[in-house]
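Notes follow once the structure below has been shown.
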């Protein structure tokens, strides 16, 4: 798989220059906005003496609103360039192995022990390395993909094809990643789907006021062109419209503020869907997403119409303009009725759009491995009803490839006991196997030259913690983990379990006895068990396969090659490490 560092550096340089141009244009438009606003206010005030100036004021108001629209376009373009810059920097960080500075998501999930054991979530985790999700639905789907995974071969294959097709289209991938990064997870778009915000009687009143308020104001202006004394009617109609607006000001302003959505999430949805639906995809999953957003009508039509409502709502953020709009046309009533029409016609379509959007975020996240790991491949997941994992040159995805050591391993039904001296790489190795299985079942690429496995229940016992509140010791906590493995194995469904330093929380006699009984139970069923230990007695159990890591010495310094070897370990290094620490000198 290709590396993309040059591509991201070029994108970074281009958008830095573009951002400078955008800032100049934004400042120019802001100056013109100020001038037209002052002209609008002055002509409005003078209009009470010369009625025709109301028309001039209205024209300058329209010009002001147009400038707001253009200003917002360039603000969004500037935000997009910033997003490209920031996204390019985060991918360069991943490529340079400085990604651990990436800030974690503020959304918290209830994690199982598998997530903790394999560094799936938390700081410096797989979730943090992959995450391109910003919507709550996308974050939840990524967490589910990594903690639960897919359960059938065809779903895994389809998702992996979709992930790689997106990831290898580097321009589209960067565009979508930048756009989704502009989505603010603090904002909830559910209110846009709800149809319970306004009762029927109130809506009928709003529809009447929507016609009545602009009619009396502009009618008085037209009358004033022929009867100068009628300007007093214009003043009265303007004040009356404001008073009518104040009756429902609390509800109306809450509604308008929600519609504005400060973080531009509506624009993000619109641009992501527009970019996505115009592509020609080969993946059946990506094609199905396109069909979902187009099954009733073009999704961009739905989002563009909502986007226009949002842009109209934004014009009320200027206090002076808002007062003028209230007095002239009853602005809030106009907007609420217009939104009600949109919601009835197109609101339900938005549900499907939001769901597809979060699916796109998930695929972008899983594609990070393809983008940043040159040695990643599509896993071969089979539907064989036996537990096995056969892989060559497997690497840990969170360790830079320059520092990572690849290993070959065939894990089959039964017990694999891994021994080796301290710091030789046993724990990292079983985490490497586990985290690549997590990637494979999620539909992502894995880091290996070859990777074949069946669909298995994945269980771990690696980071064991006591619980003072519940009165559970480390040893008892591990017993509960092993019991879960034994209980599941009795279903005779394929299972793979990784156990690190089995029963290390108790004395050697009890540890060996407990480990022997546990492994004998687990070996009786359709399970593949990988266990690390310092207890050589376990290597002599019947029907176990033994492998080990070893250390070597150069100039009285201990070194490790982190390569797994057949057979049990025959070396120890605890005394040497104690001497190094100055404890046993």
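Collect the residues in region 113-144 that are in a helix (DSSP H, G or I) and within 20 Å of residue 91 (Cβ to Cβ), keeping them in residue-number order. Talk me through it step by step, then tell me what you get.
Residues of region 113-144 that are in a helix (DSSP H, G or I), as a first pass: 113-117, 126-130, 136-144.
Passing the criteria: 126, 127, 128, 129, 130, 138, 139, 142.
Please tell me if residue 84 is part of a helix (DSSP H, G or I), over 33 Å from the mean Cα position of the chain (by Cα) and either assigned by TED's automatic domain parsing to the domain that holds residue 177 or free of Cβ contacts under 8 Å to residues at least 24 places away in the same chain (or both). Full working, then the answer.
On the way: part of a helix (DSSP H, G or I): yes; over 33 Å from the mean Cα position of the chain (by Cα): no; either assigned by TED's automatic domain parsing to the domain that holds residue 177 or free of Cβ contacts under 8 Å to residues at least 24 places away in the same chain (or both): yes.
In short, no.
Of 347, 320, which residue is within 30 Å of residue 43 (Cα to Cα), assigned by TED's automatic domain parsing to the domain that holds residue 266 and assigned to a helix (DSSP H, G or I)?
320
Select from region 292-323 the residues that are surrounded by fewer than 15 Cβ atoms within 10 Å (Cβ to Cβ), closer than 16 Å to residue 62 by Cα and under 28 Å from the mean Cα position of the chain (by Cα) and list them in ascending order.
Result: 308, single match.
Touching a helix residue (DSSP H, G or I) at 6+ places or on another chain (Cβ under 6 Å), in the same structural domain as residue 482 (by TED's automatic domain parsing) and surrounded by fewer than 19 Cβ atoms within 10 Å (Cβ to Cβ): which single residue out of 526, 521 fits that description? It would help to see each step written out before you state the result.
Working: 526 fails: touching a helix residue (DSSP H, G or I) at 6+ places or on another chain (Cβ under 6 Å).
After applying the criteria, what remains is 521.
Given (1) farther than 30 Å from residue 313 by Cβ; (2) part of a loop (DSSP other than H, G, I, E, B); (3) modelled with pLDDT under 85, identify the lone condition not met by residue 105.
(1)
From the list 510, 500, 487, which one is surrounded by 14 or more Cβ atoms within 10 Å (Cβ to Cβ) and in the same structural domain as residue 433 (by TED's automatic domain parsing)? Spell out how you get there, then give the answer.
Working: 510 fails: surrounded by 14 or more Cβ atoms within 10 Å (Cβ to Cβ); 487 fails: surrounded by 14 or more Cβ atoms within 10 Å (Cβ to Cβ).
The conditions single out 500.
So residue 48 ticks every box in (1) touching a residue at least 40 places away in the same chain (Cβ under 8 Å); (2) assigned to a helix (DSSP H, G or I); (3) surrounded by fewer than 18 Cβ atoms within 10 Å (Cβ to Cβ) but one. Which box is left unticked?
(2)
Could we say that residue 55 is out of contact with any strand residue (DSSP E or B) (no Cβ under 6 Å at 6 or more places or on another chain) and modelled with pLDDT of 90 or more here? Talk me through it step by step, then tell me what you get.
On the way: out of contact with any strand residue (DSSP E or B) (no Cβ under 6 Å at 6 or more places or on another chain): yes; modelled with pLDDT of 90 or more: no.
When the stated conditions are applied, residue 55 does not pass them.
Could you please let me know if residue 377 is crowded, with 22+ Cβ neighbours inside 10 Å and either closer than 22 Å to residue 427 by Cα or out of contact with any helix residue (DSSP H, G or I) (no Cβ under 6 Å at 6 or more places or on another chain) (or both)?
Values: crowded, with 22+ Cβ neighbours inside 10 Å: no; either closer than 22 Å to residue 427 by Cα or out of contact with any helix residue (DSSP H, G or I) (no Cβ under 6 Å at 6 or more places or on another chain) (or both): yes.
No.
Yes or no: residue 427 surrounded by fewer than 24 Cβ atoms within 10 Å (Cβ to Cβ) and either in a loop (DSSP other than H, G, I, E, B) or assigned by TED's automatic domain parsing to the domain that holds residue 390 (or both)?
Numbers: surrounded by fewer than 24 Cβ atoms within 10 Å (Cβ to Cβ): yes; either in a loop (DSSP other than H, G, I, E, B) or assigned by TED's automatic domain parsing to the domain that holds residue 390 (or both): yes.
Judged against the criteria, residue 427 is a match.
Residues that are free of Cβ contacts under 8 Å to residues at least 40 places away in the same chain, surrounded by 20 or more Cβ atoms within 10 Å (Cβ to Cβ) and either more than 30 Å from residue 173 (Cα to Cα) or assigned by TED's automatic domain parsing to the domain that holds residue 238 (or both): does region 104-116 have at least one? Give the steps one after another, and end with the answer.
Step one: of region 104-116, the residues free of Cβ contacts under 8 Å to residues at least 40 places away in the same chain are 104, 108-112, 115.
Right, trim to surrounded by 20 or more Cβ atoms within 10 Å (Cβ to Cβ) and you get 115.
Applying the additional criterion that residues be either more than 30 Å from residue 173 (Cα to Cα) or assigned by TED's automatic domain parsing to the domain that holds residue 238 (or both) yields 115.
Yes: one or more hits.
Let me confirm something: among 405, 435, which residue is more than 16 Å from residue 372 (Cα to Cα), touching a residue at least 24 places away in the same chain (Cβ under 8 Å) and assigned to a helix (DSSP H, G or I)?
On the way: 405 fails: assigned to a helix (DSSP H, G or I).
Just one listed residue meets the conditions, 435.
Determine whether residue 420 is surrounded by fewer than 22 Cβ atoms within 10 Å (Cβ to Cβ), at positive phi and modelled with pLDDT under 90. Lay out the reasoning, then the answer.
Working: surrounded by fewer than 22 Cβ atoms within 10 Å (Cβ to Cβ): no; at positive phi: yes; modelled with pLDDT under 90: yes.
It is false that residue 420 is surrounded by fewer than 22 Cβ atoms within 10 Å (Cβ to Cβ), at positive phi and modelled with pLDDT under 90.
Can you find, within region 408-422, the residue that is farthest from residue 388 (Cα to Cα) among those that are assigned to a loop (DSSP other than H, G, I, E, B) and within 38 Å of the chain's Cα centre (by Cα)?
As a first pass, look at region 408-422 and keep what is assigned to a loop (DSSP other than H, G, I, E, B): 412-413, 421-422.
From what's left, within 38 Å of the chain's Cα centre (by Cα): 412-413, 422.
On the way: 412: 4, 413: 6, 422: 27 Å.
Among those residues, the one meeting the criterion is 422.
From the list 268, 208, exactly one residue is part of a helix (DSSP H, G or I), modelled with pLDDT of 90 or more and either over 30 Å from residue 45 (Cβ atoms) or in contact with a helix residue (DSSP H, G or I) (Cβ under 6 Å, 6 or more places away or on another chain) (or both). Which is it? Reasoning before the result, please.
Details: 268 fails: modelled with pLDDT of 90 or more.
Exactly one of 268, 208 is part of a helix (DSSP H, G or I), modelled with pLDDT of 90 or more and either over 30 Å from residue 45 (Cβ atoms) or in contact with a helix residue (DSSP H, G or I) (Cβ under 6 Å, 6 or more places away or on another chain) (or both), namely 208.
Taking the conditions exactly as written (closer than 25 Å to residue 276 by Cα and either buried (at least 22 other Cβ atoms within 10 Å of the Cβ) or more than 31 Å from the chain's Cα centre (by Cα) (or both)), does residue 339 satisfy them or not? Show your work before the answer.
Working: closer than 25 Å to residue 276 by Cα: no; either buried (at least 22 other Cβ atoms within 10 Å of the Cβ) or more than 31 Å from the chain's Cα centre (by Cα) (or both): yes.
Considered against the rule, which asks whether it is closer than 25 Å to residue 276 by Cα and either buried (at least 22 other Cβ atoms within 10 Å of the Cβ) or more than 31 Å from the chain's Cα centre (by Cα) (or both), residue 339 comes out as no.
Failed condition for residue 547, given (1) in a loop (DSSP other than H, G, I, E, B); (2) at pLDDT 85 or above; (3) in contact with a strand residue (DSSP E or B) (Cβ under 8 Å, 6 or more places away or on another chain), with all others met?
(1)
Tell me yes or no: at least one residue of region 230-251 is modelled with pLDDT under 75 and either outside any helix (DSSP H, G or I) or out of contact with any strand residue (DSSP E or B) (no Cβ under 9 Å at 6 or more places or on another chain) (or both).
If we filter region 230-251 for residues that are modelled with pLDDT under 75, which is where we start, we get 230-231.
Restricting the remaining residues to those that are either outside any helix (DSSP H, G or I) or out of contact with any strand residue (DSSP E or B) (no Cβ under 9 Å at 6 or more places or on another chain) (or both) gives 230-231.
Yes, there is a match, as at least one residue in region 230-251 is modelled with pLDDT under 75 and either outside any helix (DSSP H, G or I) or out of contact with any strand residue (DSSP E or B) (no Cβ under 9 Å at 6 or more places or on another chain) (or both).
Which residues, counting only those in region 51-78, are surrounded by fewer than 17 Cβ atoms within 10 Å (Cβ to Cβ) and either closer than 30 Å to residue 5 by Cβ or within 29 Å of the chain's Cα centre (by Cα) (or both)?
Answer for region 51-78, where residues must be surrounded by fewer than 17 Cβ atoms within 10 Å (Cβ to Cβ) and either closer than 30 Å to residue 5 by Cβ or within 29 Å of the chain's Cα centre (by Cα) (or both): 73, 75, 76, 77.
Kindly list the number of the only condition in (1) modelled with pLDDT of 90 or more; (2) assigned to a helix (DSSP H, G or I) that fails for residue 280.
In the conditions (1) modelled with pLDDT of 90 or more; (2) assigned to a helix (DSSP H, G or I), residue 280 misses (2) alone.
The values are calculated or read from the model by the stated rules, or taken from the named source; none is laboratory data. Source: prediction; values computed, not measured. Note that each Cβ is placed from the backbone with ideal geometry, even for glycine, and that neighbours are counted across all protein chains shown.
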